[in-house]
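Engineer: One structure follows; several queries about it will come next.
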Amino acid sequence: MVDVHALAERLDDAARDVRAIPRLTDEAPLDEAAGYAVQRAGIELRRRRGERLAGVKMGFTSRAKMVQMGVDDVIWGLLTDRMLAESSVDVSGLIHPRIEPEIAYLIGREVRSPAEAESAVAGVAVGFEVLDSRYCDFKFTLPDVIADNASAARFGFGAWHPPRDVSNVGLLVEIDGRPVQTGSSAAILGDPARSLRAAARLALGAGMTLEPGWIVLAGAATAAVPLPKDAHVRVTGAGLGGVEVTT
Ligand code: OOG
């Protein structure tokens, strides 16, 4: 028997103590369903501390990320209001943060079926996600990373634009003015809209719906890069402007 609550607390403590832990699967026989149960229990701990759900993030939606992390399935995690980084990220509170470019969707009304997902979008923006695996060396199996809320740590986004085709947006990540990653949103399942529909499907499967005001991060189009201290990061999406963050 897997003690879902105890495993969620172990991950939650690791994040709060800024200390990496061994993979849960080293000792507990987790499958993906158990991983999601641990993820939900972890979100419950956050909710009890007053955090509110702010959206969802998709993971492993691009080949570059699957290859980087050695996994082969799409996953999701939940975002809370306290993960939102307005303009700065304090990396001293994170274990080994990495940053990646994102396409962000703003949900305008409740999504009751995956087919409704695109018409429910109120805006699109370029965004970023700061990942921080709670596991040693950023190494995990699929159930481990699912339990760890898909490595979610912080996120941000630029100005919202009216809904539009974002199937081939050129993305650029610069750190201190130096380009460190380039890619296209087409790397996200061929079109980030597929990732959005998958988010709606996964939410419904978990007894939830994408809600008005929620953000959906469609997943990275490039590999993630280490986020150093005292850095200035700019993520730009062709036609969507940019978003900046300092550490
Ligand atoms: C897991 C999260 C992956 C993405 O965009 O593919 C992810 C990780 O790489 O630590 O968010």
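The values are calculated or read from the model by the stated rules, or taken from the named source; none is laboratory data. If you're wondering where the values come from, they're calculated on a predicted model, not measured in any experiment. Every residue, glycine among them, receives a Cβ derived from its backbone with ideal geometry; neighbour counts consider all protein chains shown. Ligands, DNA and RNA are excluded from the accessible area calculation, which covers all protein heavy atoms including side chains. Shrake-Rupley method; radii C 1.70, N 1.55, O 1.52, S 1.80 Å.
Engineer: Assess whether T209 counts as being more than 16 Å from the ligand (Cβ to nearest atom) and in contact with a His (Cβ under 6 Å, 6 or more places away or on another chain).
Structural biologist: Considered against the rule, which asks whether it is more than 16 Å from the ligand (Cβ to nearest atom) and in contact with a His (Cβ under 6 Å, 6 or more places away or on another chain), T209 comes out as no.
Engineer: Any residue in the range 88-108 that's open to solvent by 40 Å² or more (accessible area, probe 1.4 Å): show its pairings with residues that are polar (S, T, N, Q) and part of a strand (DSSP E or B) at Cβ separation under 6 Å, as long as the two are six or more apart or on different chains.
Structural biologist: From the range 88-108, the pairs are S88/T246.
Engineer: Let me ask another. Could you list, in sequence order, all residues of the range 165-176 that are touching a residue at least 60 places away in the same chain (Cβ under 8 Å) and of a type in the set (D, E, K, R)?
Structural biologist: The answer is E174, and nothing else.
Engineer: Still on this structure, please answer the following. Which residues, taken from the range 36-64, are within 12 Å of the ligand (Cβ to nearest atom) and not in a helix (DSSP H, G or I)?
Structural biologist: V56, K57, M58, G59, F60, T61, S62
Engineer: Next up: Taking the condition of being assigned to a loop (DSSP other than H, G, I, E, B), in contact (Cβ under 8 Å) with a residue 60 or more places away in the chain and either over 27 Å from A14 (Cβ atoms) or under 8 Å from the mean Cα position of the chain (by Cα) (or both), how many residues in the range 147-162 meet it?
Structural biologist: Here the count works out to 2.
Engineer: I've got another one for you. Return the total of residues in the range 25-40 being under 20 Å from the mean Cα position of the chain (by Cα) and not β-branched (V, I, T).
Structural biologist: Going through the range 25-40 one residue at a time, the tally reaches 8.
Engineer: Where in the range 194-246 are there strands (runs of 3 or more DSSP E), lying fully within it, with 1 or more residues that are more than 30 Å from S113 (Cβ to Cβ)?
Structural biologist: Ranges flagged: 232-237, 241-246.
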